[in-house]
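Notes to accompany the following structure.
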Amino acid sequence: MSTVKITSVVEKDREGDFLLKWEVSPDQEGSIDIYSSLTDSSLTSFTPVATSRIADQVLRVNPTGSGLREYFILRTAGVQSGVVANRVIEMNNIKNFRDVGGYFTTDNRQMKWGEIYRSGNLSNATLYDQERIRRLKIKTVIDFRSERTAGKYPILLHPSIRKIALPLAPMDAGKLDEQMKDEHFDRSDAIRYVQEEYINLVENHKTQFAEMFDLLANDSNYPVLLSGSLGKDGVGIATYFILYAIGVPQSTIEQDYMLSNQHIDPAKAEIDARNLSESMQEAVTAMLSVNRAYLNYVVDYIKQQYGSVDNYLEKELRVTSGKRNLLRKFLLYPF
């Protein structure tokens, strides 16, 4: 069995080309073959597009299709990578829009791209954004925003897209405004506040998370978009549960959770923090960011209260072994 391993990521550059980056371990010389496809439904759809030196570690590839999505496989020394695609889908007015696919499970199965997406608020979507969502063939949007926020800012998408409201406790601008009335509120207070809100999410919104899993157990609902105000808290916990249920390791789930910090700019939030004290500005940043301390706090809480995350999923969210098998069938590549 070969010990060679290829890891790779794809990004879109400003010119609209795909920037393919890779690492081969252990280090070695030689060439690496790049294969491309506009669909990831079968390995036979991938055709060779380039050969590069392993040491180059990067290759710019011109889109062969619409430029929205393209899939790649890399091969060297008789070993191939998993299916690689651009995780981030650039939008005009939607923050934190990205694909949850591509991750590997503990038993080395890979999650399909293009089945589950996550994002921030969709109510400001431009026509350009709406068209991109349509082109991604998204069938179902699960809206985790609070009833108050969703009522004030309705989602405008193509009528063929099913919108399902599963409101979670609001951690939006209004809630932040309430905290900011306390002039002594600082970063440590903000961290504790978010941690407690995460406990509130898993204790008081079991029905919503259970309904989400019911929707995901029906393959006619895919592709699915999980959406919230910033797409980082309720969406982050929902994504954690999904990835955990199909066997993605904790370290990988944390990496996905932390990606929100790259796609949310607290300075551009709907809160004017310029006239706030330095400590209050730090508190605002803490509440508008993600932090491993938030996720680890709620995971530790679940383990303490329910014995394990598995127990919580099965007993509280109705994620039985049968439902897990369905999720793995729908969300993992068969090859």
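Just by accessible area at a 1.4 angstrom probe, what is the order of R324, R75 from largest to smallest?
Largest to smallest exposure gives the sequence R75, R324.
Leaving out ligands and nucleic acids, and using a 1.4 Å probe, what accessible area per residue does the stretch 12-89 come to in Å²?
Per-residue value: 51 Å².
Please get the size of the charge dipole for the chain, origin at its Cα centre, with Cβ charges of +1 on Lys and Arg and -1 on Asp and Glu, quoted in debye to the nearest 20.
The calculated dipole for the chain is roughly 1140 debye.
Please give the FRET efficiency for L127 paired with A77, using the beta carbon to beta carbon distance and R0 = 51 Å, rounded to the nearest 0.05.
The calculated FRET efficiency here is 0.60.
Let me check against my output: what whole-number percent is the relative contact order of the chain, with C-alpha pairs under 8 Å and at least 6 apart?
Answer for the chain is 16 percent.
Please list, or write none, the aspartates and glutamates whose alpha carbon is within less than 12 Å of the alpha carbon of K12, excluding same-chain residues fewer than 8 places away.
Filter leaves E70, E90.
Run the quick spin-label model on S66 and I199: label points 7 Å from Cα toward the beta carbon, then report their separation in nm to one decimal.
Computed distance between label sites S66 and I199 equals 4.6 nm.
Using packing as a proxy for protection, rank 153-164, 243-254, 222-233 so that the peptide with the highest average count of other Cβ atoms within 10 Å comes first.
222-233, 243-254, 153-164
Strictly over 27 Å apart at the Cα level, which of K21/K329; K95/K329; K21/K323; K139/K323; K152/K323; K152/K232 would you flag in this model?
K21/K329; K95/K329; K21/K323; K152/K323, as the Cα separations exceed 27 Å there.
For the full complex of protein chains and a 1.4 angstrom probe, list D256, D56 by accessible area with the highest value first.
Heavy-atom accessible area, descending, gives D56, D256.
For the chain, which whole percent of the accessible surface, found with a 1.4 angstrom probe, sits on carbon and sulfur atoms?
Roughly 47 percent of what the probe reaches on the chain is carbon or sulfur.
Using R₀ = 22 Å, calculate the FRET efficiency as 1/(1 + (r/R₀)^6) where r is the Cβ-Cβ separation of S188 and T252; round to 0.05.
0.15
Quick one: ranking K323, K139 by accessible area, 1.4 Å probe, largest first, what do you get?
K139, K323
Find how much the distance from R328 to D214 grows on full extension, using 0.36 nm per residue of separation minus their present alpha carbon separation; answer in nm with one decimal.
Length gained, R328 through D214: 39.6 nm.
The values are calculated or read from the model by the stated rules, or taken from the named source; none is laboratory data. This structure is a prediction, so every number in the text was calculated from the model and none was measured. Note that we place each Cβ from the backbone using ideal geometry, even for glycine, and neighbour counts take in every protein chain shown. These area figures cover heavy atoms from the full protein model, side chains too; ligands, DNA and RNA do not enter into them. Shrake-Rupley method; radii C 1.70, N 1.55, O 1.52, S 1.80 Å.
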